[in-house]
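*Asks:* Have a look at this one.
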Amino acid sequence: MAQYEFSDDSVVVIIGSGAGGGTLANELCQKGIKVVVLEAGPRHTIRDFVNNEWAAFSMLAWTDKRTASGNWRVAKDFPTLPAWICKTVGGTTVHWAGASLRIQEHEFRARSTYGDIPGTSLQDWPITLADLEPYYAKAEDKMGVTRTNDIPGLPGNNNFTVMYWGATRIGYTGVSTGRMAINSRVRAGRSSCWQMGFCFQGCKSGAKWSTLYTEIPAAEATGRLDLRPQSMVLQIQHDDTGKVNGVLYADATGTQHLQKARVVCVAGNSIETPRLLLNSHSARYPDGLANSSGEVGRNYMRHLTGSVFAIFDQPVHMYRGTTMAGIIMDEARYDPRRGFVGGYHFETISLGVPFLAAFLSPGAWGRDYTSLLEGYSNMAGMWIVGEDMPSATNRITLNPAEKDQWGLPIPDVHYDDHENDIAMRNHAFKQGDAVYQAVESTQTIEVPPYPSTHNLGTCRMSANSRDGVCNKFGQTHDIANLFISDGSQFTTGAAENPTLTIVTLAIRQSDYIADQMGKNQI
Amino acid sequence: MIKKGIYRRQLMQSGAIVGIAASSGAVLVTPGVAKAMNLTTLDPHEGETLLVMSRQIYPHPNLGDMYYAQVVTDLDQKAAADKNIAQQIKDGVAGLDSAMGIAWIALSSGNQIAVLTSIETTPFFQTVRGTAVVSLYNNPLVWRFFGYEGASFPYGGYIHRGFNDINWLPKPPDAASPAAG
Ligand SMILES: Cc1cc2nc3c(=O)[nH]c(=O)nc-3n(C[C@H](O)[C@H](O)[C@H](O)COP(=O)(O)OP(=O)(O)OC[C@H]3O[C@@H](n4cnc5c(N)ncnc54)[C@H](O)[C@@H]3O)c2cc1C
Ligand code: SF4
């Protein structure tokens, strides 16, 4: 493993080691570029993972305080934990479930397709599906996505079987075990899935792709990666010409270091990325870095979510096997006759007793609630992933009232549901109920959103520098050697789980960075 | 809220709780449990009150007091670590006792629930509920009662142990759900 000097100003510094940062680091190292990855969280190994929901959460999740505001239900249910994100080497790819879908062609043209919807800041992406297709193919191969590259689909578990029959009985046809970055066969030196059912807790068989044990060791093997865990970046600095030239970070002991850099790529996930740019304000950039448009932190999206659980009079044991074991794709189309634009997917979900008790109806108590929990063995569940509308006022800001352990303002996550979101969730709850009633559920339960797992859009890419923070390569409009390398780049949210696209954009960005460095443009 | 007849009958059958006042339905504490909690910061009356309160918040008639005692132990630890929490709990219990002019623990089950409903938005109630939802449901012994099997890694997952053993629906077609490799 490489060790670069703090004063080495020829390195690319990447902040964050998750889907975006971890992938970008490996791609750049493979091209011969020197990379320093600064990751706030510690480095764990697969052996450390525990099959226990709360223990895994305390080991892996980002629990530094954040605040939530706005009319979304999360602000009421989880006022200090608006998002469920990891703080560990590998980032949230340690917790993720593996669902890997390409964004649809029309979704890249959201503004053109959906029209001018009041109260939204919809735009078309500055790229098309055709631009991304070759990179999607590379990402799917890298991640070992099932049903691509001749990799068979995964076998469905009990939770899937219930969803499959309910869905097909009400006429859905796009129902399968889907495309998952989980090995259905031994591949790339990693095991096939044991159907353990702890995908959200860190996969102990390594069947599920995570940058922790794929991209990062591959990058280290090149001898060009200097990975520094427990290194929290506090500020990105710039020189007199306005170019970024280094980052200030605190190590595990709290000691602060200045790492010089030729290029800085921010991949801290869509809350920390804008927070860091805002906290890096200076005399030259009083509103924060790359913020001449005023768009840093705005247009925060989190997917329209919700879950439907159902109780049957016979056993299901939903917790056995992959957490996201299957998908219904029929509602992901564009069809405004349903009363909303954008589409949504259903994906099976299961929670263990500890999380189910906390999330099935946050805050509920009493015998009505506990009798639902007693239906646990006979319960099935699925999650709604739909496109939510971007809005300039849904945004990450610095909370002036509270500081973190380093004296920096904590982020506030503000979100108001748009009427399109409300209409879509209502439709999805009705359809979800119908799916389970078709297989004779005795009761269905409509569950409000969990803390956000898909955080997107807060430094969006735009054709025009007035409308967004970065260009179609994630390069910020204002500062040529500063890049956005995570889901913050998303111009709109689309109806697909985001990680495959984050990885795809990182691969594409690495080509661009290498090219620009080669031409001495950055 | 509670079908009281059934609730009481199940409590009696469970044998875990000895004190059911037949006329009022009040929930009494298993003798010895309060002592076994080994409280450091909270007093025995507070401990017993919190135990019954936890049971009223997350009532499972077939779960014995020992599982709810874990909630009280965890609250006691939080109180020991944080003076503000200790004060909040002490004031909270005092508030419960003054609500109807009768010690809350001596109220009928219906009255206990009515008092809890009237304070459910207070920080005290949220401290107890928030602690209980983790302490109670994070206990592997409690999982058994729900039919949740907990860690599966030590047993090689469910690939050979029933991940797809459902027998009341047909197997989905191979195209949707291929066989395991
Ligand atoms: C339970 C769960 C299930 C999910 N399932 C799916 C799924 O099935 N499909 C899908 O597509 N997506 C899924 N996701 C979402 C997916 O995990 C994220 O989209 C993805 O990991 C985001 O990648 P990222 O690079 O933007 O950020 P992350 O992967 O979150 O990585 C960001 C990293 O940056 C670090 N960091 C942040 N700020 C700083 C700083 N200032 N200094 C240093 N380091 C910093 C963080 O510690 C973190 O490690 C799921 C998420 C969760 C929580
Ligand atoms: S179900 Fe499969 S992917 Fe999920 S944790 Fe288990 S082995 Fe890993």
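The values are calculated or read from the model by the stated rules, or taken from the named source; none is laboratory data. Bear in mind that the values here come from a model prediction, so they are computed numbers and not experimental data. Using ideal geometry, Cβ is built from the backbone for each residue, glycine included, and neighbour counts are taken over all protein chains shown. All accessible areas refer to the heavy atoms of the entire protein, side chains included, with ligands and DNA or RNA removed. Shrake-Rupley method; radii C 1.70, N 1.55, O 1.52, S 1.80 Å.
Here is a yes/no grid of residues against (1) assigned to a loop (DSSP other than H, G, I, E, B); (2) within 16 Å of ligand 1 (Cβ to nearest atom); (3) more than 14 Å from chain B (Cβ to nearest Cβ); (4) among the hydrophobic types (A, V, I, L, M, F, W, C):
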{"site": "A:R102", "(1), (2), (3), (4)": "yes, yes, yes, no"}
{"site": "A:S112", "(1), (2), (3), (4)": "no, no, yes, no"}
{"site": "A:D116", "(1), (2), (3), (4)": "yes, no, yes, no"}
{"site": "A:T120", "(1), (2), (3), (4)": "yes, no, yes, no"}
{"site": "A:Q123", "(1), (2), (3), (4)": "yes, no, yes, no"}
{"site": "A:A130", "(1), (2), (3), (4)": "no, no, yes, yes"}
{"site": "A:K138", "(1), (2), (3), (4)": "no, no, yes, no"}
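*Asks:* On to the next question. Do any strands (runs of 3 or more DSSP E) lying entirely in region A:179-279 carry at least 1 residues that are under 19 Å from the mean Cα position of the chain (by Cα), and which ones are they?
*Replies:* In region A:179-279, the matching strands (runs of 3 or more DSSP E) lie at A:263-266.
*Asks:* Determine if region A:296-317 includes at least one residue that is part of a strand (DSSP E or B) and open to solvent by 10 Å² or more (accessible area, probe 1.4 Å).
*Replies:* yes
*Asks:* What residue, among those in region B:133-150 that are part of a loop (DSSP other than H, G, I, E, B) and open to solvent by 40 Å² or more (accessible area, probe 1.4 Å), is farthest from the other protein chains (Cβ to nearest Cβ)?
*Replies:* Kept after step one, since they are part of a loop (DSSP other than H, G, I, E, B), are these residues of region B:133-150: B:138-139, B:147-150.
Remaining after also requiring open to solvent by 40 Å² or more (accessible area, probe 1.4 Å): B:138, B:149.
Numbers: B:N138: 5, B:E149: 7 Å.
Among residues in region B:133-150 that are part of a loop (DSSP other than H, G, I, E, B) and open to solvent by 40 Å² or more (accessible area, probe 1.4 Å), the one farthest from the other protein chains (Cβ to nearest Cβ) is B:E149.
Residue-by-condition table, conditions (1) at pLDDT 95 or above; (2) among the polar types (S, T, N, Q); (3) within 18 Å of the chain's Cα centre (by Cα):
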{"site": "B:D91", "(1), (2), (3)": "yes, no, no"}
{"site": "B:W104", "(1), (2), (3)": "yes, no, yes"}
{"site": "B:F125", "(1), (2), (3)": "yes, no, yes"}
{"site": "B:T131", "(1), (2), (3)": "yes, yes, yes"}
{"site": "B:Y148", "(1), (2), (3)": "yes, no, yes"}
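*Asks:* To continue, here is another question. Answer yes if at least one residue in region B:161-179 is out of contact with any Leu (no Cβ under 7 Å at 6 or more places or on another chain), open to solvent by 10 Å² or more (accessible area, probe 1.4 Å) and assigned to a helix (DSSP H, G or I), and no otherwise.
*Replies:* So far as region B:161-179 goes, no, none of its residues is out of contact with any Leu (no Cβ under 7 Å at 6 or more places or on another chain), open to solvent by 10 Å² or more (accessible area, probe 1.4 Å) and assigned to a helix (DSSP H, G or I).
*Asks:* Additional query: Residue by residue through region A:176-192, note down the ones that are touching a Leu at 6+ places or on another chain (Cβ under 7 Å) and either within 14 Å of ligand 1 (Cβ to nearest atom) or over 29 Å from A:Y450 (Cα atoms) (or both).
*Replies:* Listed by number, the residues that qualify are A:T177, A:R179, A:M180, A:I182.
*Asks:* So which strands (runs of 3 or more DSSP E) are wholly in region A:368-428 and hold at least 1 residues that are under 26 Å from A:I311 (Cβ atoms)?
*Replies:* Filter on region A:368-428 gives A:379-386.
*Asks:* Now, a different point. Taking B:V115, is it in contact (Cβ under 8 Å) with a residue 24 or more places away in the chain, more than 9 Å from every other protein chain (Cβ to nearest Cβ) and in contact with a helix residue (DSSP H, G or I) (Cβ under 7 Å, 6 or more places away or on another chain)? Lay out the reasoning, then the answer.
*Replies:* Working: in contact (Cβ under 8 Å) with a residue 24 or more places away in the chain: no; more than 9 Å from every other protein chain (Cβ to nearest Cβ): yes; in contact with a helix residue (DSSP H, G or I) (Cβ under 7 Å, 6 or more places away or on another chain): yes.
No; evaluated as a whole, the condition is false for this residue.
*Asks:* What number of residues within region A:326-335 are more than 14 Å from every other protein chain (Cβ to nearest Cβ) and in contact (Cβ under 8 Å) with a residue 40 or more places away in the chain?
*Replies:* Summing the residues that are more than 14 Å from every other protein chain (Cβ to nearest Cβ) and in contact (Cβ under 8 Å) with a residue 40 or more places away in the chain in region A:326-335 gives 3.
*Asks:* Also, I was wondering about something else. When you scan region A:183-234, how many residues do you find that are more than 7 Å from ligand 2 (Cβ to nearest atom), basic (K, R) and open to solvent by less than 10 Å² (accessible area, probe 1.4 Å)?
*Replies:* Looking only at that region, the number is 0.
*Asks:* Please count how many residues of region A:199-222 are within 14 Å of chain B (Cβ to nearest Cβ) and either out of contact with any helix residue (DSSP H, G or I) (no Cβ under 9 Å at 6 or more places or on another chain) or more than 11 Å from ligand 1 (Cβ to nearest atom) (or both).
*Replies:* 6
*Asks:* Sticking with this structure for a sec: Taking into account only those residues within region A:26-58 that are within 11 Å of ligand 1 (Cβ to nearest atom) and either under 11 Å from A:I216 (Cβ atoms) or of a type in the set (D, E) (or both), which is farthest from the other protein chains (Cβ to nearest Cβ)?
*Replies:* The selected residue is A:V37.
*Asks:* Residue by residue through region B:42-87, note down the ones that are within 22 Å of B:S109 (Cβ to Cβ), part of a helix (DSSP H, G or I) and among the small types (G, A, S).
*Replies:* B:G47, B:S54, B:A69
*Asks:* In region A:154-177, what residues are facing another protein chain (nearest Cβ under 9 Å) and under 12 Å from B:A176 (Cα atoms)?
*Replies:* Result: A:L154, A:P155, A:G156, A:N157, A:F160, A:T161, A:Y164, A:W165, A:T168, A:V175, A:S176, A:T177.
*Asks:* Checking B:A176 against (1) within 16 Å of A:C193 (Cα to Cα); (2) within 7 Å of another protein chain (Cβ to nearest Cβ): exactly one of these is not met. Which one?
*Replies:* Result: B:A176 passes all but (1).
*Asks:* Something else about it: Is it the case that some residue within region A:84-91 is more than 14 Å from chain B (Cβ to nearest Cβ), near ligand 1 (Cβ under 10 Å from one of its atoms) and touching a Cys at 6+ places or on another chain (Cβ under 7 Å)?
*Replies:* no
*Asks:* Would you be able to say whether some residue in region A:378-389 is over 28 Å from A:D64 (Cα atoms) and either open to solvent by 30 Å² or more (accessible area, probe 1.4 Å) or away from chain B (no Cβ under 14 Å) (or both)?
*Replies:* The answer is yes; a qualifying residue exists.
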